[in-house]
Amino acid sequence: MTISALQSARAKYQPKLPNSLKSSVKLVEGAKTQSVADQDAIQKLFPNTYGMPLITFEAGEKKQYPAVNVGVILSGGQAPGGHNVISGIFDGVKNINPNSKLYGFLGGPGGLVDHKYVELTAEIIDEYRNTGGFDIIGSGRTKLEETAQFDKGEEILKQLGINALIIIGGDDSNTNACVLAEYYAAKNSGIQVIGCPKTIDGDLKNDMIETSFGFDTATKVYSELIGNIERDANSAKKYWHFIKLMGRSASHIGLECALQTQPNITLISEEVELKKQTLSEIVDYMAGIVAKRAANGENFGVALIPEGLVEFVPEMKALIAELNDLLAEGSETEKKFKSFTDKAEGRAFVAGILSAESAKVYTSLPSGIADQLTLDRDPHGNVQVSLIETEKLLGEMVKKRLGEMKKEGKFNGKFGTQYHFFGYEGRCAAPSNFDADYCYSLGYNASFLIAEGKTGYMSSVRNLTAPAAEWIAGGVPVTMMMNMERRHGHMKPVIQKALVELESAPFKYLAANREKWAIETSFVYPGPIQYWGPTEVCDQPTKTITLERTK
Ligand code: FBP
């Protein structure tokens, strides 16, 4: 395989570990835990894995551990650093006992069920150290939810003599990891299950999980691109750039990129929902800023738009919910809708079966956007927000509003747009030093949790704004992060999703500065991720975590 000069030099980088994990550990048990809400219900559903104590590892005396066979799964969307979690696990289990083995299940959780796996040898691991991507074993979005899948998985785990499975995933995958841990514990199958917090979206976090891995690198990549666009906008002075950013429901990515680049407009879905802002109010806000800048002779700017926005705008949320029901797979209305080959006829049919309110919203949308709302749902029956061109919807609506303002004498400038969507550009970037170290530590730490016989825990590395040597490693019972939520009409135990809180320090920082950033051009150009150089350039965590931890 031909590799780039950067990759070859980067392969030699030795990720930093917390001091406590450097040789052997002493396990310190903390207080017993409770779920964040719905304690009785969660305890009933997880009798074997509920209430376990928090775990911290301190540096300890050398211990003899038996060899372990470990399986690893990458689940869901790619996030920078996944390969380092796996190399951390590999080095960790070999440190525990050189006869330990690591198996990777291929193509995500489906690999476990379909018995597709590979033994990860030192040779394979060495090719992937400090690289981006999940291609070492691939990822997938199959949900591990059914007992038939658990039993099928158990067959191959037993066949390979695997004592522990590590699932690297987001909130849903870690919820499923916990259900699996409980199932195997109840059956006394002797298979431990450990989770690992992954997602660029940054919405898997709490007191014990300060950030999910990948968020740092992905937001640095997007911020570099946004900074470049800002500089282009400020040079040419002729375009408004509407940039949609990934993140699914949460706006953490948009918020972090805004803190790094200081654009003119940053929409935060969670604020839109809380303030019940309508689409027309959002458009008024944006058009108002465009007009004010135009009055200063600045017919350019940058607006950041979170990809999940439309689901948080009340009238759009109601419309999407109706569409989800009407277009539910296999329903009569879905079959009828799919029978139309002419898009306009399909739209007329949908408009006819929606409630009057939603039909009004639906028919007011540009036809392209209306079509995107009726595209196939994801495996959970939800609209795929990354496929909706919210940036274009807003751009067109702002243009229309500015046209009206022009007639009223309230706008006297020009409005040229460029549209962008950043998501896939950052998910497989070579991990920043922060993510390279954090991920390696999460994997290495998971191997100690396994050696200590733990199950139903998530690997946790905290104190992340301190130098890596001072990071605190340990485990958090997954049940501690759970609450009951309605999913597909049923109450289910799930890890509570962390959306942007309007009381949080990062949001308050944005709110305190955005009026100035809107009117005065205050762009910041972060430039590309640096892997070598001064620590203040190379090793800085995100602004989000820094502000959150400087209370
Ligand atoms: P995860 O939650 O699985 O980490 O996925 C993150 C994400 O990148 C979202 O930001 C985005 O909405 C989604 O994946 C896109 O999914 P896909 O990769 O299937 O297109």
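Do we have any residue at all in segment 523-532 that's open to solvent by 10 Å² or more (accessible area, probe 1.4 Å) and out of contact with any helix residue (DSSP H, G or I) (no Cβ under 7 Å at 6 or more places or on another chain)?
no
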Query raised in the report: For residue 142, all conditions in the list (1) open to solvent by less than 30 Å² (accessible area, probe 1.4 Å); (2) in contact with a Gly (Cβ under 6 Å, 6 or more places away or on another chain) hold save one; what is the number of the exception?
Result: (1)
Requested in this report: Within segment 513-551, track down each residue that is within 30 Å of residue 294 (Cα to Cα) and free of Cβ contacts under 8 Å to residues at least 24 places away in the same chain.
Outcome: 515, 516, 520
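Identify all residues within segment 182-203 that are in a loop (DSSP other than H, G, I, E, B), away from the ligand (no atom under 16 Å from the Cβ) and of a type in the set (A, V, I, L, M, F, W, C); write none if there are none. Can you show your working first?
Residues of segment 182-203 in a loop (DSSP other than H, G, I, E, B): 187-191, 199-203.
Cutting the leftovers down to away from the ligand (no atom under 16 Å from the Cβ) gives us 187-191.
Selection gives 191 alone.
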Query raised in the report: Can you name every residue in segment 217-263 that is within 16 Å of the ligand (Cβ to nearest atom), of a type in the set (Ser, Thr, Tyr) and surrounded by fewer than 24 Cβ atoms within 10 Å (Cβ to Cβ)?
Result: 249
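Conditions (1) touching a residue at least 12 places away in the same chain (Cβ under 8 Å); (2) touching a Pro at 6+ places or on another chain (Cβ under 7 Å); (3) aromatic (Phe, Trp, Tyr); (4) farther than 30 Å from residue 426 by Cα, marked per residue:
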site: 33; (1), (2), (3), (4): yes, yes, no, yes
site: 47; (1), (2), (3), (4): yes, no, no, yes
site: 50; (1), (2), (3), (4): yes, no, yes, yes
site: 57; (1), (2), (3), (4): yes, no, yes, yes
site: 60; (1), (2), (3), (4): yes, no, no, yes
site: 72; (1), (2), (3), (4): yes, no, no, no
site: 84; (1), (2), (3), (4): yes, yes, no, no
site: 88; (1), (2), (3), (4): yes, no, no, no
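For (1) surrounded by 13 or more Cβ atoms within 10 Å (Cβ to Cβ); (2) within 16 Å of the ligand (Cβ to nearest atom); (3) part of a helix (DSSP H, G or I); (4) at pLDDT 95 or above, each residue gets a yes or a no:
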{"site": "6", "(1), (2), (3), (4)": "no, no, yes, no"}
{"site": "20", "(1), (2), (3), (4)": "yes, no, yes, yes"}
{"site": "50", "(1), (2), (3), (4)": "yes, no, no, yes"}
{"site": "58", "(1), (2), (3), (4)": "yes, no, no, yes"}
Report task. Check whether at least one residue in segment 295-310 is outside any helix (DSSP H, G or I), surrounded by 13 or more Cβ atoms within 10 Å (Cβ to Cβ) and in contact with a His (Cβ under 6 Å, 6 or more places away or on another chain), and report yes or no. Result -> yes
Report task. Can you work out which of the residues in segment 200-248 that are polar (S, T, N, Q) and under 30 Å from residue 34 (Cβ atoms) is modelled with the lowest pLDDT? Result -> 206
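Would you check which residues across segment 495-518 are outside any loop (DSSP other than H, G, I, E, B) and surrounded by 20 or more Cβ atoms within 10 Å (Cβ to Cβ) and list them?
Within segment 495-518, 495, 506, 507, 510, 517, 518 qualify.
Restricting attention to segment 419-432, does a residue exist that is open to solvent by less than 10 Å² (accessible area, probe 1.4 Å), over 30 Å from residue 533 (Cα atoms) and over 22 Å from the mean Cα position of the chain (by Cα)? Can you show your working first?
Of the residues in segment 419-432, the ones open to solvent by less than 10 Å² (accessible area, probe 1.4 Å) are 423, 426, 431-432.
Those left that are additionally over 30 Å from residue 533 (Cα atoms): none.
No: zero hits.
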Report task. Hey, could you check segment 63-83 for residues that are crowded, with 24+ Cβ neighbours inside 10 Å and away from the ligand (no atom under 16 Å from the Cβ) and say which is farthest from the chain's Cα centre (by Cα)? Result -> 70
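Would you mind stating whether residue 337 is among the aromatic types (Phe, Trp, Tyr), more than 16 Å from the ligand (Cβ to nearest atom), under 30 Å from residue 110 (Cβ atoms) and without any contact (Cβ under 8 Å) to a residue 60 or more places away in the chain? Spell out how you get there, then give the answer.
Working: among the aromatic types (Phe, Trp, Tyr): yes; more than 16 Å from the ligand (Cβ to nearest atom): yes; under 30 Å from residue 110 (Cβ atoms): yes; without any contact (Cβ under 8 Å) to a residue 60 or more places away in the chain: yes.
Yes.
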Report summary line: Within segment 375-395, residues away from the ligand (no atom under 11 Å from the Cβ), open to solvent by 20 Å² or more (accessible area, probe 1.4 Å) and modelled with pLDDT of 80 or more come out as 375, 389, 392
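Check segment 347-362 and report whether any residue there is away from the ligand (no atom under 16 Å from the Cβ), surrounded by 13 or more Cβ atoms within 10 Å (Cβ to Cβ) and acidic (Asp, Glu). Give the derivation first.
In the first step, residues of segment 347-362 are kept if they are away from the ligand (no atom under 16 Å from the Cβ); the result is 347-362.
From what is left, the residues that are surrounded by 13 or more Cβ atoms within 10 Å (Cβ to Cβ) are 347, 349-351, 353-354, 358-362.
Next cut, acidic (Asp, Glu) only: none.
Scanning segment 347-362 turns up no residue that is away from the ligand (no atom under 16 Å from the Cβ), surrounded by 13 or more Cβ atoms within 10 Å (Cβ to Cβ) and acidic (Asp, Glu).
Let's see how each residue does on (1) open to solvent by less than 10 Å² (accessible area, probe 1.4 Å); (2) farther than 20 Å from residue 56 by Cα; (3) outside any helix (DSSP H, G or I):
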position	(1), (2), (3)
127	no, yes, no
132	no, yes, yes
136	no, yes, yes
148	no, yes, no
151	no, yes, no
157	yes, yes, no
165	yes, yes, yes
180	yes, yes, no
205	no, no, yes
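Looking only at segment 207-216, count every residue that is away from the ligand (no atom under 16 Å from the Cβ) and touching a residue at least 24 places away in the same chain (Cβ under 8 Å) and tell me the total. Spell out how you get there, then give the answer.
Narrowing segment 207-216 to residues away from the ligand (no atom under 16 Å from the Cβ): 207-208, 210.
Of the ones still in play, those that are also touching a residue at least 24 places away in the same chain (Cβ under 8 Å) are 208, 210.
Within segment 207-216, residues that are away from the ligand (no atom under 16 Å from the Cβ) and touching a residue at least 24 places away in the same chain (Cβ under 8 Å) number 2.
Is it the case that residue 511 is modelled with pLDDT of 95 or more and within 16 Å of the ligand (Cβ to nearest atom)?
No, not satisfied.
How many residues does segment 397-442 hold that are small (Gly, Ala, Ser), in a loop (DSSP other than H, G, I, E, B) and either within 16 Å of the ligand (Cβ to nearest atom) or touching a strand residue (DSSP E or B) at 6+ places or on another chain (Cβ under 8 Å) (or both)? It would help to see each step written out before you state the result.
Taking segment 397-442 and keeping what is small (Gly, Ala, Ser), we get 403, 409, 413, 416, 423, 426, 429-430, 432, 436, 441.
Now restrict to residues that are in a loop (DSSP other than H, G, I, E, B): 409, 413, 416, 423, 429-430, 432.
From the residues that got through so far, the ones that are either within 16 Å of the ligand (Cβ to nearest atom) or touching a strand residue (DSSP E or B) at 6+ places or on another chain (Cβ under 8 Å) (or both) too are 416, 423, 429.
Total meeting the criteria: 3.
Can you find even one residue in segment 109-116 that is buried (at least 17 other Cβ atoms within 10 Å of the Cβ) and more than 21 Å from residue 172 (Cα to Cα)? Reasoning before the result, please.
Let us first name the residues in segment 109-116 that are buried (at least 17 other Cβ atoms within 10 Å of the Cβ), namely 109-113.
Restricting the remaining residues to those that are more than 21 Å from residue 172 (Cα to Cα) gives none.
Scanning segment 109-116 turns up no residue that is buried (at least 17 other Cβ atoms within 10 Å of the Cβ) and more than 21 Å from residue 172 (Cα to Cα).
Residues 446, 466, 451, 473: which one is in contact with a Pro (Cβ under 7 Å, 6 or more places away or on another chain) and among the hydrophobic types (A, V, I, L, M, F, W, C)?
473
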Requested in this report: Scan segment 30-48 for residues that are in contact with a Ser or Thr (Cβ under 8 Å, 6 or more places away or on another chain) and not in a loop (DSSP other than H, G, I, E, B) and report the count.
Outcome: 3
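Within segment 90-110, track down each residue that is within 16 Å of the ligand (Cβ to nearest atom) and free of Cβ contacts under 8 Å to residues at least 40 places away in the same chain. Break it down into steps so the answer makes sense when it comes.
The first filter runs over segment 90-110 and keeps only residues within 16 Å of the ligand (Cβ to nearest atom), leaving 107-110.
Scanning segment 90-110 gives 107, 108, 110.
The values are calculated or read from the model by the stated rules, or taken from the named source; none is laboratory data. Computed from a predicted model, the values in this text were never measured in an experiment. Backbone-built Cβ (ideal geometry, glycine too); neighbour counts: all protein chains shown. Heads up: the accessible areas ignore ligands, DNA and RNA and are worked out on the full protein's heavy atoms, side chains in. Shrake-Rupley method; radii C 1.70, N 1.55, O 1.52, S 1.80 Å.
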